Amino acid sequence: MAVWSDDELDGVEWGRLSHAYGAATDTPDHLRGLMSAEVEVREEALVHLFNSVLHQTTMYTAAAPVAELGARMLEDPRFDGLDGRYGKSMREELLNFLGYVAQYATDAQIHPELAIFVSHDDLELPFMEIFGAATHIEDAVCAGRLGAGCAHRAASVISTLMPRLDSRNVGERDAALNAIACWAALPGGARPVSPPALEQLRGGASDRTRETWVRIGCVLGLVGAGADTGDLLADDSDIVRICAALSPTVAIDPRTAAMIGAALADPGECDSWIQEIAPVPFLAGPLSVLLAEVHGRRHGAT
């Protein structure tokens, strides 16, 4: 892989991509701003990523190219020693953003009917599903399947993130592993998740010294990637076992029905186990809802 260069930002036709407030022509400046020596510039850049490229519950067409480039930017030495918000480094902030892109893309893939208006010459339009012309907006169409561009890039992004697992910063290591889990769980990927990435997720899921949210993310990443989670059904953690039970690879294991049934006896308690302090892989709604859907598919609706 070629060494990262700022020139990559100049090679994108940002005017043919969009964020929540229009054409993404200001996005490359904000990406450079992530590495600024000025705190205010870095904060403005983060606000742009979290409030414009992603906005409320919607992702825009700039998200996939930004994620692909953002993952490559992580190697830039200008990030060294730069502080973000809430005691995080700027690399950790960017890693969290990359996880959220995959989380939003997962929701968009699961709900392909979610749509936005997209310019007819948008660079990401070939990945999307066109529903029809936008009659009240000139040269635009109504398009869905907003996460398809991310799914197409998932294997590449995961590969680029893998070296960050060797960071000396524990926050960056955890954020990188969780981001890999989010991208691994993204439906519709062009290629299967690589064995080394699955091995890292399996190691994180079974490591009892890890923070619980990191373990949960790893398990859900394995589930979304269609990996076998049978070994995790005997874990000491209730939430790790419950998440492992979601994998289709353990559908016929008799233990899973009892686990899911017990969790659904108190849906509120079940949902409280997922603390959204970081992007959550695979889930596109409350855990209890997904558990009920899985239980219904496997054992018939009651």
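Structure summary
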item: Output for region 1-24, where each listed residue is assigned to a helix (DSSP H, G or I) and farther than 22 Å from GLU93 by Cα; result: ASP7, ASP10, TRP14, GLY15, ARG16
item: Cβ pairs under 6 Å, 6+ apart, first in region 12-29 and modelled with pLDDT of 95 or more, second of a type in the set (Asp, Glu); result: ARG16/ASP121; ARG16/ASP122
item: Residue check, VAL47 at pLDDT 95 or above, touching a strand residue (DSSP E or B) at 6+ places or on another chain (Cβ under 9 Å) and not in a loop (DSSP other than H, G, I, E, B); result: no
item: Wholly within region 192-280, helices (runs of 4 or more DSSP H) carrying at least 1 residues that are modelled with pLDDT of 95 or more, in contact with a Leu (Cβ under 8 Å, 6 or more places away or on another chain) and farther than 23 Å from ARG298 by Cα; result: 195-206, 212-224
item: Residues of region 161-192 that turn out to be surrounded by fewer than 23 Cβ atoms within 10 Å (Cβ to Cβ) and farther than 15 Å from TYR100 by Cα, as a count; result: 15
item: Hits in region 118-176 (condition: over 20 Å from HIS19 (Cα atoms), of a type in the set (A, V, I, L, M) and in contact (Cβ under 8 Å) with a residue 60 or more places away in the chain); result: VAL157, LEU161, ALA175, ALA176
item: Residue within region 128-148 that is part of a loop (DSSP other than H, G, I, E, B) and touching an Asp or Glu at 6+ places or on another chain (Cβ under 6 Å) present; result: yes
item: Filter result for GLU113 (acidic (Asp, Glu) and crowded, with 19+ Cβ neighbours inside 10 Å); result: no
item: Whichever residue in region 52-82 is charged (D, E, K, R) and in contact (Cβ under 8 Å) with a residue 24 or more places away in the chain and, among such residues, is surrounded by the most Cβ atoms within 10 Å (Cβ to Cβ); result: GLU68
item: Residue check for VAL250: crowded, with 21+ Cβ neighbours inside 10 Å and more than 19 Å from ALA71 (Cβ to Cβ); result: no
item: Matching residues, region 131-146, being of a type in the set (A, V, I, L, M, F, W, C) and over 9 Å from ALA115 (Cα atoms); result: ALA133, ALA134, ILE137, ALA140, VAL141
item: Region 262-288, subset in contact (Cβ under 8 Å) with a residue 60 or more places away in the chain and buried (at least 18 other Cβ atoms within 10 Å of the Cβ), residue nearest to VAL223 (Cα to Cα); result: PHE282
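The values are calculated or read from the model by the stated rules, or taken from the named source; none is laboratory data. Not measured: the values here are computed from a predicted model. Cβ atoms come from the backbone with ideal geometry, glycine included; neighbour counts cover every protein chain shown.
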